[in-house]
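These notes are about the structure you will find just below.
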Amino acid sequence: MSEIRHYLSVFGYYAKLAIQRQLEYPLFLVSWLIMIPTQYFAGIWMLRIIVDRFQPLEGWAFDDLAFLYGLGLLSHGLVVVFFIPTWGTETAVIRGEFDRLLLRPLNVFFQFVTGYFNFIGLIDLIPGVVIFLYAAHAVDFSWEAGNIAKLILVVIGGLFIRGSLYTIVGAVAFWTKRSRNLIGMSVATLERTTMYPLTLYPHVVQAVLTFLFPIGFISFYPAESFLGKPASLELPLDMAIWTLVAGIICMVVAYSIFRLGLRRYESAGS
Amino acid sequence: MAIIEVKDLIKEFVVVRKKTGLGNAIRSLVLPEKKIVRGVDGLSFDIEQGDIVGYIGPNGAGKSTTIKMLTGILYPTAGSIRVCGLSPQKERKAVVRQLGVVFGQRTQLYWDLRLGETFELLKRIYRIEDKRFKATLDMLNDVLRIQDFIDTPVRQLSLGQRMRGDLAASMIHEPTVLFLDEPTIGLDADAKHAIRGFIRTMNRERRMTVVLTTHDLDDVEQLCSRLLVVNHGRLVEDGPLDSIVGKLAPHRLLVIELSETAQAPEHARAKILRQDGLKVWYQFDKTAISASELISDLSGMLPIRDLSVQEPDIEDAIREVYRTTG
């Protein structure tokens, strides 16, 4: 218990320092405030065009798609706040930044991930929240306690699935010294695979995105369940619980791979 | 019991040999020519509590690699390490709590923020009580004078101030062993003086063990009671500075300035290196004859106006170690 309090107090101070550091560069903040929402609103606009010009995708109307997209963006926004250091694993390995973390009597993965609380990333949440609120209204999502609880489970599970994917891909740098390009690919892949109904993809891809990299649990399966569509994946219990379970399993795997990589860490020069 | 025990330590790195040209680049992609290089090759030594030990050697001798293994950053390929009786790899958290580590070329301070913020963070990481934290900070301030710039952003500190800040940061949790990797690199005389003073004070008042790597032999001369000299990952000398220098460069020089021209006489236990006008250089072995004996012998035979005894140059002696073991 005192261990948890200890880690929380360190996390709190890390977050305070990170916010202070980011406030040192206000112009940078403003540029993100303009860039990020533009990017995602452009994304939803594309969806609108696709659905308008053609027909609803696999029986998903625009409002359904907006709900799917918005739901996915919620955990995306949080991953950018909480897991952004994993995107820079390559740099940290090359520059020997794990040296200092290894010299402190705390878990290294904890220090690495919480060491930079990216509060600018909250900007990433803005489009997610706007699009989700719009879509929730459009599809008559009922804001009752049960649904809200499920929504929270889905967002947390989605955060874990995304976070562990970035952790694993970033940790590749422990072996190859390179992982930044892979991270770029993962960001793009995650965006595409959480934006459209999974059933659009061939069965093999669906299987991979369900069992190997359970990206389907981030937004597609829960959205199906929230929208009352026929379930593509039959499971006992509620889909929200499975999203959280998938997230926790992913996190355990990711943490093990990170630790394995850290053992291979070679530090840098002098 | 020694506070640091190192036995048969080995660290190997895999190096891929690269050749020039596109053809070779493609070949090395398919069939990389891997070579195993031993950065550290069978080191054994003990360090007692309260010692200040200089760990020196030419660039690439394996100094930093050793320090990184002793502090739990790197895993050794073979051999055993005990720091405060524990393995830094197996019990990293327990060991690093006892260690302070400063890398002269890198900082652990938050670049964008005032110096004090890093101390506050460390206070939480090491779970230091308010009272203790304040007392340590006061003590560090007495020696390092950090109060003057504790509210300045680290990016605006001079190199000397930053190094004092880094030293203070490494001492906040009152470690029993301090590892310093080139702590005086790039500093001016004043800052070097302050840092050496700090190391001496901590060692004297807290019996803190210090392991210091450096290329600055003044650091070694002024601080270290014992020297470990490594080259190519092997220990090549171990002992007090005097005895290493004495062993490698036993000769001293007696320089005599004559008041009038005279033929310098031979001496049985000293060799005339050269004579140039009114100056004569005698080389002698201090174990064979003392300077005063030689002077009294010569003073009867030569019109001496002035004289000086030159100690062997440490720099030369150390260079000699590197050369002969290279």
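The helices (runs of 4 or more DSSP H) found wholly in region A:1-107 and carrying at least 1 residues that are touching a residue at least 24 places away in the same chain (Cβ under 8 Å), more than 14 Å from every other protein chain (Cβ to nearest Cβ) and under 30 Å from A:LEU200 (Cα atoms) occupy A:26-53, A:62-82. Of the residues examined, B:ARG319 is one that is among the basic types (Lys, Arg) and either out of contact with any Leu (no Cβ under 9 Å at 6 or more places or on another chain) or farther than 16 Å from B:ARG252 by Cβ (or both).
From B:LYS286, B:LYS279, B:LYS247, which residue is closer than 30 Å to B:GLN49 by Cβ and basic (Lys, Arg)? The unique qualifying residue is B:LYS247. Confirm whether A:SER186 is buried (at least 18 other Cβ atoms within 10 Å of the Cβ), on the phi < 0 side of the Ramachandran plot, without any contact (Cβ under 8 Å) to a residue 24 or more places away in the chain and more than 14 Å from chain B (Cβ to nearest Cβ). Against the criterion (buried (at least 18 other Cβ atoms within 10 Å of the Cβ), on the phi < 0 side of the Ramachandran plot, without any contact (Cβ under 8 Å) to a residue 24 or more places away in the chain and more than 14 Å from chain B (Cβ to nearest Cβ)), A:SER186 qualifies.
Among the residues making up region A:119-144, a single one is touching a Phe, Trp or Tyr at 6+ places or on another chain (Cβ under 9 Å) and charged (D, E, K, R): A:ASP124. The residue of region A:140-177 that is modelled with the lowest pLDDT, among those that are more than 21 Å from the chain's Cα centre (by Cα) and of a type in the set (D, E, K, R), is A:LYS177. The set of residues in region A:230-267 that are assigned to a loop (DSSP other than H, G, I, E, B) and either surrounded by 15 or more Cβ atoms within 10 Å (Cβ to Cβ) or away from chain B (no Cβ under 14 Å) (or both) comprises A:PRO230, A:ALA231, A:SER232, A:LEU233, A:GLU234, A:LEU235, A:PRO236, A:LEU237, A:ASP238, A:TYR265, A:GLU266, A:SER267. Condition first: outside any loop (DSSP other than H, G, I, E, B) and exposed (fewer than 15 other Cβ atoms within 10 Å of the Cβ). Can you find one or more residues in region A:208-215 that meet it? Checking region A:208-215: at least one residue is outside any loop (DSSP other than H, G, I, E, B) and exposed (fewer than 15 other Cβ atoms within 10 Å of the Cβ).
State yes or no: is B:GLU257 touching a helix residue (DSSP H, G or I) at 6+ places or on another chain (Cβ under 6 Å) and not hydroxyl-bearing (Ser, Thr, Tyr)? The answer is no for B:GLU257. For B:CYS224, the conditions (1) over 24 Å from B:ALA168 (Cα atoms); (2) surrounded by 20 or more Cβ atoms within 10 Å (Cβ to Cβ) are fulfilled apart from (1).
Here the condition is being surrounded by 15 or more Cβ atoms within 10 Å (Cβ to Cβ) and of a type outside the set (Gly, Ala, Ser); of B:GLU260, B:GLU237, it holds for B:GLU237 alone.
Pairs meeting the criteria (first residue in region B:110-130 and in the same structural domain as B:THR152 (by TED's automatic domain parsing) and closer than 13 Å to B:ARG162 by Cβ, second residue part of a helix (DSSP H, G or I) and of a type in the set (Val, Ile, Thr), beta carbons under 6 Å, at least 6 apart or on different chains) are B:TYR110/B:THR118; B:TRP111/B:VAL154; B:LEU115/B:VAL154.
Quick check: anything in region B:142-150 touching a Leu at 6+ places or on another chain (Cβ under 6 Å), within 8 Å of chain A (Cβ to nearest Cβ) and not in a helix (DSSP H, G or I)? No, that holds for no residue.
The values are calculated or read from the model by the stated rules, or taken from the named source; none is laboratory data. On a predicted model such as this, the values are computed, not experimentally measured, just so you know. Cβ atoms come from the backbone with ideal geometry, glycine included; neighbour counts cover every protein chain shown.
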